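Scroll down for the structure; my scribbles are underneath it.
The values are calculated or read from the model by the stated rules, or taken from the named source; none is laboratory data. This is a predicted model, so every value here is computed, not measured. FYI the Cβ positions are ideal-geometry reconstructions off the backbone, even for glycines, and counts take in every protein chain you see. To get the accessible areas, we keep the full protein, side chains included, count just its heavy atoms, and leave off ligands, DNA and RNA. Shrake-Rupley method; radii C 1.70, N 1.55, O 1.52, S 1.80 Å.
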Amino acid sequence: MSLNKARAAVHAVAWTPEGRRALTATQGGELALWHGSTFSFETILQAHEAPARALAFSHNGNWLLSTDDGGGVKYWRPNLELVKALPTAHREPVRGVAFAPSDLKFVTACDDSTVKVWDFARCAADRTLAGHGGDAKAADWHPRLGLIASGAKDTLVKLWDARAGGGAIADLHGHTAALTSVAWNPHNGHWLASAARDSTVRVVDVRTLRAVAVLTGHGRDVTSLAWHPSVETALASGGYDGSILHWLVDRPAGPAAAVRGAHEAAVWCLAWHPAGHVLASAGGDACAKFWARPRPGDPWRDTAQRDQEAAAGGRGVGGEPGVAGAGPGRGAGRPGSAGAAAAAATAAAAATAAAAAAAGGLPSSVFGAGALPPGLAPAAGGGAAAAARKRGRDDALPPGLGGGPLPPGLGGTLPPGLGGSGSGLPGPPPGGGRGRGRGRGRGWQQQ
């Protein structure tokens, strides 16, 4: 997790094409640069006088575009050297920006309900695409064609021919609230994903103009989208409630994975690392976070993430159930409050057993009454050995119970695991996970 020094909502995040750096744009108009491997802060720049809204790197990695609430667009080098400023590109906040596949043109979407196509070299608008009945909230350029998709407050997704003016070539219906994000699938170029304030994500095949999938799982507005760079059907979405859901379009029944409470406020932007192993997210809690799947067999989980999930769901936080009776929770870690109390009780029992072992005895409390093997459990009247002695039949008892010498391994001290000197207590019963949560007690490590 990375936190800006000046707390301000983060509206956009973008990776450099080679994945060595991540860039964020904030409500304060600042651009912050983060290392792509260590995720440490590198530099920050006061780039805009108004809140920064959108970022886009060119495909060749040589240029960066940023937009702001004042309607401005700025050209940058990757080292954050300002090259050109277009302060009056639009009259109102510019919500979206995207490069053409050739990097010779780019598109912007604005709250003035227009979408503009720009010539990058001339720094001038080629054409203005008008037709939305409300603020244009997002725009994306097709990965291979001169086709532009835009989404607006009028609940419509429109498709435009970037080479010609005039009206939209198609309108996509289906959403019932304002659009927040649109994104072309970078692999097949046929699927267009759109997110809206109706809590749904729709994936449409533009060849048939029909929905391939309608993804429902967010509790509130869906605020951001990001296609996976190497898995064609994988899509991530962020919500106004701070959750991040992962989807497989060919399995639309429910999210493939969910991170509830990923942020403490709306997730305004998502961006996959070009290699696909890290997902960057940022939002209204002034944080940029970097997510990765755990390695196979790795039981550890981010405690901060689990705390946020518990806060989002109103649940207590604890470790895995085990010998210490840890509180509810998932993943490995320290036990919660209930687990801490049980761990303390177990430690007390351990001390009692150790003292008894040092004195040569074996308290029944270690295993419980009647839990010792037959012949070793104390019985009324002094046990089997005492009764045999009373009858004068000591020689009839088996070795080790009073009738003869103890066999090797049972003489003098008990064998390891039964409380003898240097043996310690028996190991924990199965299921004793080593939980990790808010409690500070330590449970048994599972064998």
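Tally up the carbon and sulfur contribution to the accessible surface of the stretch 1-119 as a whole percent, 1.4 Å probe, everything protein left in place.
49 percent
Through the Karplus equation 6.51 cos²θ - 1.76 cosθ + 1.60, θ set to phi - 60°, convert the phi angles of the stretch 162-174 into ³J(HN,Hα) values in whole Hz; use x for Gly and Pro.
The phi angles translate into 5, 8, 9, x, x, x, 5, 8, 6, 10, 10, 9, x Hz.
When a/c is below 1.5 the answer is rounded, else prolate if a/b is larger than b/c, else oblate, so apply that to the stretch 4-124 with a ≥ b ≥ c taken from the square roots of the Cα gyration tensor eigenvalues.
Cα axes put the stretch 4-124 in the oblate bin.
For the stretch 91-129, state which trypsin sites (Lys or Arg not before Pro) are in a DSSP loop and have at most 16 other beta carbons lying within 10 Å of their beta carbon.
Arg91, Arg122
Can you compute 3J(HN,Hα) from phi for each residue in the stretch 135-146, using the Karplus curve 6.51 cos²θ - 1.76 cosθ + 1.60 with θ = phi - 60°, rounded to whole Hz and x for Gly and Pro?
4, 7, 9, 7, 8, 8, 9, 4, x, 9, 10, x
Could you sort Tyr240, Tyr75 by their accessible area in this structure, using a 1.4 Å probe and putting the largest first?
Tyr240, Tyr75
Would you tell me the accessible area of Trp34, worked out with a 1.4 angstrom probe on the heavy atoms of the protein chains, in Å² to the nearest 10?
Estimated to the nearest 10 Å², Trp34 gives 10 Å².
With every protein chain kept in the model, how would you rank Glu18, Glu49 by accessible area, 1.4 Å probe, largest at the top?
The residues order as Glu49, Glu18, largest area first.
Going by the alpha-carbon gyration tensor, a ≥ b ≥ c the square roots of its eigenvalues, is the stretch 146-276 rounded (a/c under 1.5) or, if a/c is not under 1.5, prolate (a/b greater than b/c) versus oblate?
In terms of gyration-tensor shape, prolate.
Per residue, how much accessible area does the stretch 2-70 have with a 1.4 Å probe, in Å²?
42 Å²
Given the protein chains as shown and a 1.4 Å probe, how many square angstrom of Lys84 are accessible, to the nearest 10?
The accessible area of Lys84 comes to roughly 90 Å².
Could you check the spin-label model distance between Glu18 and Asn188? Points 7 Å from the Cα along Cα→Cβ, value in nm.
3.4 nm
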